[in-house]
Amino acid sequence: MASALATAAAVDTAAPEPGPPELAGLTDDVLPVPASLAGLLPGGGLRRGWTVSVTSGTALMVALVAEATQAGAWCAVVGMPTLGVLAAAELGTAVQRLALVPRPGDDAPAVIAALMDGCEVVLVGPDCRLTPAYVRRLSARARSRRVVLLTARDWPGAQVQLTCETVRWHGLGSGNGRLVEREVVVRASGRSAAAQTRSARVLLPARGGGLAPERKSDTARPGWYDTPRVVGARSGLTKVDLGSKLRADPLPNVV
């Protein structure tokens, strides 16, 4: 094992080798992603050999690879100790094709490089300690092996950068209820074919788990309201900006 890791640490840029037989069914240049996010990515999916930086959310990273694993692709997650198998399954990942290396330590570059020989997608978490030289070499290896490299950090040379911003949570009524789904805006930018900034509003997680399109009708239900924002105060009363929607029941001390 130590010998194999030492060899992989060189991160060569030789021509790609044939993948395992069980991956032979996935021969397209683009791996599938949820339909709600397809419009953000050139070609409508994760292009083999590309590096994609996802800097604001583990959930988005896992949701991106869910459909690829369901289609037969193997995915490895390195340096993300807080990610559990149950959470990945709830986001739609086929966990029987998911490999977890939560704490690679100083061997992170070698482990990532070795996993590229057997997986079609490798997720690199924030716990991986990588020098700029290794970052460049791993991107080169991903291109040569036609592997999708997803990173949870800023990655120089990444073809696509994705960010995820929470808009609101759904599920609470008039003072009661449970948070059941989160509405987010996902933005994509990058280089060449991904140079044009695009965005999509989705539910992550959705009420039934995984990722789903935004439901326009949710904001019309009784009791729904945006989070109040205090903008000033006078005479002991609080002035609050409630946006375009108000609660069905009045809020106290609002002018």
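Using alpha carbon centroids, what distance separates region 77-148 and region 157-176, in Å? Using only Cα atoms to place each centre, the spacing works out to 24 Å. Atom-type composition of the exposed protein surface of region 106-172 places 50 percent of the accessible area on carbon and sulfur (1.4 angstrom probe). What does the net charge come to around ALA108 if you take all other residues with beta carbon closer than 10 Å to its beta carbon, with K and R at +1 and D and E at -1? Result for the neighbourhood of ALA108: -1. Taking the Cβ of ARG187 as the center, what net charge do the other residues with Cβ under 9 Å away carry, scoring Lys and Arg +1 and Asp and Glu -1? Local charge sum for ARG187: 0.
Simple rule: put +1 on each Lys or Arg Cβ and -1 on each Asp or Glu Cβ in region 22-146, find the dipole, and look at GLY44, ALA110, VAL33; the Cα lying farthest toward the positive end is ALA110.
If the chain linking ALA133 and THR166 were pulled fully straight, counting 0.36 nm for each residue of separation and taking away their Cα-Cα distance, it would gain 8.5 nm.
The values are calculated or read from the model by the stated rules, or taken from the named source; none is laboratory data. Since the structure is predicted, the reported quantities are computational estimates derived from the model, not experimental observations. Counting neighbours? That spans all protein chains shown, and the Cβs are built from the backbone with ideal geometry, glycine included. What goes into the accessible areas is simple: the full protein's heavy atoms, side chains included, and nothing from ligands, DNA or RNA. Shrake-Rupley method; radii C 1.70, N 1.55, O 1.52, S 1.80 Å.
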